[in-house]
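**Q** If you scroll down you'll find the structure; I have some questions about it.
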């Protein structure tokens, strides 16, 4: 049995809408047609398990109700027989979710939970590297993996990027990524970028024993092209790739994961349009299940005090969702906190995410724009995490940690990048 | 130059938000970082071409504004240098669109137009069959291709489906499709369904010379599995497939199209969540460009008087969008009107879509539940279209066309399926 929970909004009856979702999304049709028997319905029909009324909304999420009409809300659990859907994720999305957004009479619909049976565990690869693989490859234990981002987002030529990356490698950072908007444009073909950057990674590794994980942007709408990008990175000794999951879709991700030798770092750009309106779309709790089964290793989920619209509570819920096994610990990707991070958010991030250091903490400007340079920026972020884990206020810890002190002075009033 | 038009909604300045989209989606970053020079910006920076103010909205689309705060609206044209993006559609989606939905301070964002340069025409396959191929394979000229859908959506075993399909083939219909929710579940593996159905298609072809186009559901999140499904259909002599484009994503579609020998009939389930709120998401005009370039041959876009939420005007705009060449007539897919159609909507469909018969007109219950059986149902739909093209009111034409008369009696007060 596959169980979905929908938050339903309607000027009519929530119960009737739940029944309609169950019917439309399985056997349903408006006109009785020959061949539709009760036995058949029992085989595949979705069933409403429970409806919980919620307080009326002030206004409809989709502006399709008459002004002043009451907008009723409720949550419905609907069960689909596994036989009706199977374990294919495209079938799951199409049958249990996608069509429901088209139903007339709804003024809002949000899919807020999904419980999949064990059969899905066996049908999908899940993360290849996940938390333990990310730690092993970076050699970082007992603290967050500290990462940074090459900026500006677009426009640098390969040798310019490599120069910046060289400085960042020298800073002691664990992880460096391409901006998600950088893939393989004419001014910076991936092949040339890899060729310019990887020697610096290897040189640093030989000198220090530390191999910095570089996440190269390999996304492409064409899976064959994306695999060529993947191979370029792997053959050059790279071990990570940024993947724009929504832009490549389930097909791109599935194809890549089956053939991948790289840690797959998921950027979910575009996700906001599916979740930003609280009455419409998806909770991250649902959405992330698809991508974890498909094999995401590291999952960007914003952070505390980000520069985007997303509230802190939403980030905390996303972190919780990623931290809960779907079927086993092996299907947990590494959560990635990013956007406007500089170390200042370490205490609250630590406190609100179950006091774990199993995360990749991604600071752009927070490292790169540190007044004493990126190496100091990295030290400042590590110091902030030391303080957070030891429950020492940052300001106190900064008294004998000058890099952190300089960070607080520069970013403390506002935000990094 | 790639030009996007965004409808911006904000309690702040529309002009400032337009500038922010341009900056964030190209070079942008909040903190000045080394290496960001003016020369580089000129190479890849997006540029705001124009901002047109629109009247304030009554309330914010995303409920993120203080009550009573004015919600300013405007349209902004923003140009991206082709060099900054390239012709990859995943890059286009990520760079020019996806991240913009995350910008703080917006209370709504809708991408309402997109103009791509000629370079995209050469980089993508487009439809393999489109309008002319669909006509050639069905042998239908000078009128709409008439199609129907096997119902119930889910639950029939292959021999039960084949029995229904056999009756539908005998009805004289041109096209029959699986419900989009039917792919290859355990109770009806595609292989068995194809094996049960295709002999009936061939038998009818040998007897009458007419080959009915059967669209089998081949979608799968895994492109390798989807190709196996594709091959099953092709090897059995089939010529069409239903593809759930949003559930397979750009990657699935791109992979399939490059290897496809089938007419690809796109079902856009899930699209509603991206377009139903008028202040959020996408106009179809934008969305369809991606899928046409990727190679959709037939595109479902609802119809007049559908059973879903979508208003008639929206369908008409979608039809117009599909009817306009992106670069040449060859990139036009066949529009598919469906949902609640029975012939009664033929006159308005014809009148409002430029008096064309270049469409696939899909009737479920409108054919299957005709009181005199499906053959009469097909005749009734063809009669409705004859009347529409000849500008004869349906009621008049029905006086000496009893099948149409029976359709009007049954479906005229309400809807088919």
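**Q** What's the number of the only condition in (1) within 14 Å of another protein chain (Cβ to nearest Cβ); (2) surrounded by 24 or more Cβ atoms within 10 Å (Cβ to Cβ) that residue B:158 fails to meet?
**A** (2)
**Q** Which residues, counting only those in region A:70-85, are buried (at least 22 other Cβ atoms within 10 Å of the Cβ) and either on the phi > 0 side of the Ramachandran plot or facing chain B (nearest Cβ under 9 Å) (or both)?
**A** Hits for region A:70-85 are A:84, A:85.
Let's see how each residue does on (1) within 12 Å of residue A:216 (Cα to Cα); (2) buried (at least 18 other Cβ atoms within 10 Å of the Cβ); (3) at pLDDT 95 or above:
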{"site": "A:144", "(1), (2), (3)": "no, yes, yes"}
{"site": "A:150", "(1), (2), (3)": "yes, yes, no"}
{"site": "A:165", "(1), (2), (3)": "yes, yes, yes"}
{"site": "A:168", "(1), (2), (3)": "no, yes, yes"}
{"site": "A:176", "(1), (2), (3)": "yes, yes, yes"}
{"site": "A:184", "(1), (2), (3)": "yes, yes, yes"}
{"site": "A:190", "(1), (2), (3)": "yes, yes, yes"}
{"site": "A:195", "(1), (2), (3)": "yes, no, yes"}
{"site": "A:201", "(1), (2), (3)": "no, yes, yes"}
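**Q** Here's another thing I want to ask about it. Whether any residue in region B:339-358 is more than 14 Å from chain A (Cβ to nearest Cβ), in contact (Cβ under 8 Å) with a residue 60 or more places away in the chain, touching a helix residue (DSSP H, G or I) at 6+ places or on another chain (Cβ under 8 Å) and under 27 Å from residue B:282 (Cα atoms) is what I want to check.
**A** yes
**Q** Exactly one condition in (1) out of contact with any helix residue (DSSP H, G or I) (no Cβ under 6 Å at 6 or more places or on another chain); (2) farther than 30 Å from residue A:258 by Cβ; (3) within 10 Å of chain A (Cβ to nearest Cβ) is not met by residue B:185; state its number.
**A** In the conditions (1) out of contact with any helix residue (DSSP H, G or I) (no Cβ under 6 Å at 6 or more places or on another chain); (2) farther than 30 Å from residue A:258 by Cβ; (3) within 10 Å of chain A (Cβ to nearest Cβ), residue B:185 misses (2) alone.
**Q** Can I ask one more? From the list A:106, A:92, A:4, A:116, which one is within 30 Å of residue A:324 (Cα to Cα), touching a residue at least 12 places away in the same chain (Cβ under 8 Å), in contact with a helix residue (DSSP H, G or I) (Cβ under 9 Å, 6 or more places away or on another chain) and facing chain B (nearest Cβ under 10 Å)? Write out each step before concluding.
**A** Details: A:106 fails: within 30 Å of residue A:324 (Cα to Cα); A:4 fails: facing chain B (nearest Cβ under 10 Å); A:116 fails: facing chain B (nearest Cβ under 10 Å).
It is A:92.
**Q** Restricting to region B:239-252, and then to whatever is more than 7 Å from chain A (Cβ to nearest Cβ) and farther than 14 Å from residue B:269 by Cα, can you tell me which residue is surrounded by the most Cβ atoms within 10 Å (Cβ to Cβ)?
**A** The initial filter retains those residues of region B:239-252 that are more than 7 Å from chain A (Cβ to nearest Cβ), namely B:239-243, B:245.
Now restrict to residues that are farther than 14 Å from residue B:269 by Cα: B:239-241.
Numbers: B:239: 21, B:240: 25, B:241: 28.
If we take residues in region B:239-252 being more than 7 Å from chain A (Cβ to nearest Cβ) and farther than 14 Å from residue B:269 by Cα, then B:241 is surrounded by the most Cβ atoms within 10 Å (Cβ to Cβ).
**Q** Would you pick out the residues in region A:63-84 that are part of a strand (DSSP E or B) and in contact with a helix residue (DSSP H, G or I) (Cβ under 6 Å, 6 or more places away or on another chain)? Give the steps one after another, and end with the answer.
**A** Step one: of region A:63-84, the residues part of a strand (DSSP E or B) are A:71-80.
Selection gives A:72, A:74, A:76, A:78, A:80.
**Q** Right, something else. Checking residue B:111 against (1) touching a strand residue (DSSP E or B) at 6+ places or on another chain (Cβ under 6 Å); (2) in a helix (DSSP H, G or I), only one condition comes out false. Which one?
**A** Going through (1) touching a strand residue (DSSP E or B) at 6+ places or on another chain (Cβ under 6 Å); (2) in a helix (DSSP H, G or I) one by one, residue B:111 breaks only (2).
The values are calculated or read from the model by the stated rules, or taken from the named source; none is laboratory data. This structure is a prediction, so every number in the text was calculated from the model and none was measured. Don't worry about glycine lacking a Cβ; one is built from the backbone with ideal geometry, like all the others, and counts go over all protein chains shown.
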